[in-house]
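Reviewing the structure listed below.
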Amino acid sequence: AQSVTQPDIHITVSEGASLELRCNYSYGATPYLFWYVQSPGQGLQLLLKYFSGDTLVQGIKGFEAEFKRSQSSFNLRKPSVHWSDAAEYFCAGGAGNNRKLIWGLGTSLAVNP
Amino acid sequence: DSGVTQTPKHLITATGQRVTLRCSPRSGDLSVYWYQQSLDQGLQFLIQYYNGEERAKGNILERFSAQQFPDLHSELNLSSLELGDSALYFCASSVASGYSSYNEQFFGPGTRLTVL
């Protein structure tokens, strides 16, 4: 079955440290993948998306993600985290003729000063 | 501000009751999506409308229904409410015609429903 998994429910990092949030997918075809961020009390906002081509995708707010087919992963990275990055991060994906986007359960990011 | 508006922000009601959530999409967007977000089930896609027609259906209960009006605003109707329906309900809009995630979805701030 098609699925999107975010293995980490909660992550805490120090401000200025690097960040990597994991996302694994299970699709037969090449998936299209997204990362969204949800700040407290807000709706979700698209950070970046991958459809095809270059496997390293640049997004807003200094985030990037790398599509690795061999590992079925689409991990989100940021070299230096800011306190304002504290939020809930969602990975989502779809593929082929399955038009329903599947969402991960989210990873909650806390940033220590 | 995404440009998507949702009303009300908060709603408290009792079991067995019926409520209506309202969503106005971004100017120019023809597609509206409804999602339910709860702690135990995460973000669940409920239903999508495009230019007044139902386009895709997700995990929407039979007690729930939605529609999109000629002015493109949408309403999600929840009836015979149960305690487990307590959740955050999001509306999103996009320019897409199908449930094509090639197009970015813009999310509203959500309506928090509490069923007592």
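Bear in mind these aren't lab numbers, they're just calculated from the coordinates by the rules spelled out. Here the structure is a predicted model, which is why all the values come from computation and not from measurement. Positions of Cβ are backbone-derived with ideal geometry, glycine not excepted, and every protein chain shown enters the neighbour counts.
Quantify how strongly other chains surround peptide A:36-43 by giving the mean number of their Cβ atoms within 10 Å of each of its Cβ atoms.
5
Tell me the net charge near B:Arg112. Cut-off is 13 Å between Cβ atoms, B:Arg112 excluded, with +1 for each Lys or Arg and -1 for each Asp or Glu.
Spelling it out: positives minus negatives among the neighbours equals 0.
Could you check which residue among B:Ser80, B:Ser24, B:Ser93 shows the biggest mean-square fluctuation in a GNM of chain B with a 10 Å Cα cutoff?
Per the Cα network of chain B with a 10 Å cutoff, B:Ser80 tops the list.
Determine, for A:Phe34, A:Phe67, the number of other Cβ atoms within 10 Å of each Cβ, and report the residues in order from fewest to most.
A:Phe67, A:Phe34
What span do the alpha-carbon atoms of chain B cover on each of the three principal axes, reported in whole Å from largest to smallest?
Each principal axis gives a Cα extent; for chain B these are 37, 27, 25 Å.
Once the other residues with Cβ under 11 Å from the Cβ of A:Val13 are scored (Lys, Arg +1; Asp, Glu -1), what is the net sum?
-2
Using Cα pairs under 8 angstrom and six or more residues apart, how large is the relative contact order of chain A, in percent?
37 percent
How many percent of all Cα-Cα pairs in the stretch B:18-69 sit more than 17 Å apart?
Beyond 17 Å sits 39 percent of the P(r) for the stretch B:18-69.
Give me the net charge for the shell around B:His10: Cβ to Cβ below 15 angstrom, other residues only, Lys and Arg +1, Asp and Glu -1.
Net local charge, B:His10 excluded: +2.
Would you kindly compute the Cα radius of gyration of chain A and its largest Cα-Cα separation (Dmax), both in Å?
Every Cα atom of chain A included, Rg and Dmax give 13.5, 45 Å.
What is the distance in Å between the Cα centroid of the stretch B:76-95 and that of the stretch B:4-21?
Comparing the Cα centres of the stretch B:76-95 and the stretch B:4-21, I get a distance of 8 Å.
Looking at chain A only, what percent of DSSP beta bridges run antiparallel? Nearest 5 please.
If I count the DSSP bridges inside chain A, around 90 percent turn out antiparallel.
By a straight-distance test (C-alpha under 19 Å), which aspartates and glutamates pair with B:Lys9 as possible cross-link partners, with residues fewer than eight away in the same chain excluded?
Once the sequence-local aspartates and glutamates are set aside, what remains near B:Lys9 is B:Asp1, B:Glu75, B:Asp85.
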